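Report on the following structure.
The values are calculated or read from the model by the stated rules, or taken from the named source; none is laboratory data. Only a predicted model underlies this, so the values are computations on that prediction, with no experimental measurement involved. Here the Cβ positions follow ideal geometry from the backbone for every residue, glycine too, while neighbour counts run over all protein chains shown. Note: accessible area is taken over every heavy atom of the protein model, side chains too, but ligands, DNA and RNA are not part of it. Shrake-Rupley method; radii C 1.70, N 1.55, O 1.52, S 1.80 Å.
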Amino acid sequence: MLILVLNAGSSSQKSCLYSLGELLPNTLLEPLWEAHLDWTVPQEGGILTVKSNDLQQQIEVKERNSALKVLLDTLVTGKTQVLSSLNEIDVVGHRVVHGGAKYNEATVITPEVKQAIANLISLAPHHNPANLEGINTISEILPQVLQVAVFDTAFHTTIPEVVKVYPLPYEWYEKGIRRYGFHGISHEYCAQRSAQILQQPLESLKIVTCHLGNGCSLAAINQGICIDTTMGFSPLEGLMMGTRCGSIDPQIPIYMMQEYGLDGDELNQILHQESGLKGVSGISGDMRAIVKAIADGNIQAQLAFDIYIHRLITGIGAMVASLNGLDVLVFTAGVGENSSIVREKTGAGLAYLGLELDLAKNSASPRDENIATENSQVQVLVMHTQEDWAIALATRSQFP
Ligand code: ADP
């Protein structure tokens, strides 16, 4: 079965083509083709990077509305061609960020599912529109092909009521104001991969996964089931992030509205785009730029870094409390996979758990490896998250 995966974000579009047989492999297969469209590049437009047939090609993309068509074209034309026609694709799996309370597993997309994704746009304004656009473009180009939605919220539908319900008027909960949690595809993949790497049954492990990318979140996973997570009603809650504030006193936006006249749109922009590492440092939301500025003696950058680590350590502490113990700590996504200093400082703050990092292993660019010492009471894994592969498997599982 040829499965095209579309993973659309607000500033990028990742896509992969996998060929999966009836028996699902335990280990990851390489995609036949992969494409990454990045809109954050300095020049106008975007850069599309395509890898297949052992080569890599870059293409400049000018317009957003035809970008997905340009991307799909590289499957059937030029040096990156791997198909003679797009009609060879059997099914398309989409990452959909918000599935609300209803969707707790991958779901074949029907007009009703599409409507539900559209209805949730107000809860995921940066992501669900891009996901819908992908679904609609595929319907136009390949009207016969089946499409599957793989929801980032689905893994968190198991969190108990005490975690789900906010201490607000209960009618708000009935209106859908509740903890949903995000990055679920990544958290679930990392939990399953932990069991593989450690060669222990998932059912025997208490795991905290730290997904630290532009957005950051933690999940507490007991016996493979998510029981707590730091993101909530929206991807704004929880840890300090690149440009998002994470948890703050809810009185602050009310005060800024009443005393400084900020309106909802301004607050939305500031809390999502101008806060976090970028807001405190005044430099950037990119951890690489923060670490570089610290080396150059920038005090604001140091403060931003210290807050990030403090909130990460205390956030992990809260997840450990939910789990009542910890066997495995996982670092993943851009910062988690690449920043040895973030892992080192976090590890040092968790020494009270009997967690001890092997600093040599930590600084040797580990990938899918255990970086804890032999004596450590907690295993610490650095893992390359494979969301696209997880989406392909979830999509395949819809066609037994
Ligand atoms: P997204 O949440 O958009 O999927 P990623 O998981 O790709 O993001 O993470 C992107 C972030 O990873 C960047 O903003 C950057 O801060 C961080 N990052 C990438 N490489 C490194 C590195 N070598 N050191 C520190 N941080 C890094």
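Couple of notes before you dig in:
- Heavy-atom accessible area per residue - the chain, 1.4 Å, Å²: 47 Å²
- Accessible heavy-atom area order of Trp39, Trp389, Trp172, highest first, probe of 1.4 Å: Trp172, Trp39, Trp389
- Kyte-Doolittle mean at least -1.0, axial Cα span of 18 Å or more - DSSP H helices of the chain: 128-141, 184-198, 299-323
- The accessible area of Lys292, taken with all protein chains in place and a 1.4 Å probe, comes to roughly 130 Å².
- Residues Asp152, Asp38, Asp265 ordered from highest to lowest accessible area at a 1.4 Å probe: Asp265, Asp38, Asp152.
- Whichever aspartates and glutamates have a C-alpha closer than 14 Å to that of Lys102, once near sequence neighbours (fewer than 8 apart) are set aside: Glu112, Asp152, Glu174
- For segment 99-232, the equivalent ellipsoid derived from the alpha-carbon gyration tensor has semi-axes of 27, 21, 13 Å in decreasing order.
- Pairs from the list Lys14/Lys51; Lys175/Lys206; Lys14/Lys69 with a Cα-Cα gap above 22 Å: Lys175/Lys206.
- Take every pair of alpha-carbon atoms less than 8 Å apart whose residues are at least six positions apart; their mean separation over the length of segment 1-137 yields a relative contact order of 24 percent.
- Charge-dipole axis of segment 163-205 as Lys and Arg at +1 and Asp and Glu at -1 on Cβ define it, positive-most pick from Pro201, Trp172, Ser186: Trp172
- Bridging of Lys79 to aspartates and glutamates at a Cα separation below 12 Å is possible for Asp54, once same-chain residues fewer than 8 apart are set aside.
- Set of aspartates and glutamates with alpha-carbon distance to Lys278 below 18 Å, sequence-local pairs under 8 removed: Glu237, Glu266, Asp286, Asp296, Asp306
- Cα-based shape type of the chain, given that a ≥ b ≥ c are square roots of the gyration tensor eigenvalues and the cut on a/c is 1.5: rounded
- Taking every DSSP bridge with both residues inside the chain, close to 70 percent are antiparallel.
- In segment 209-296, Rg over Rh equals 1.06, where Rg is the alpha-carbon radius of gyration and Rh the Kirkwood radius from pairwise Cα distances.
- Put Asp388, Asp358 in order of accessible area, highest first, and with a 1.4 Å probe you get Asp358, Asp388.
- The accessible surface of segment 266-305, taken with every protein chain in place and a 1.4 Å probe, is 55 percent carbon and sulfur.
- Here the chain is assigned +1 on the Cβ of each Lys and Arg and -1 on the Cβ of each Asp and Glu. Its dipole about the Cα centre then comes out at about 120 debye.
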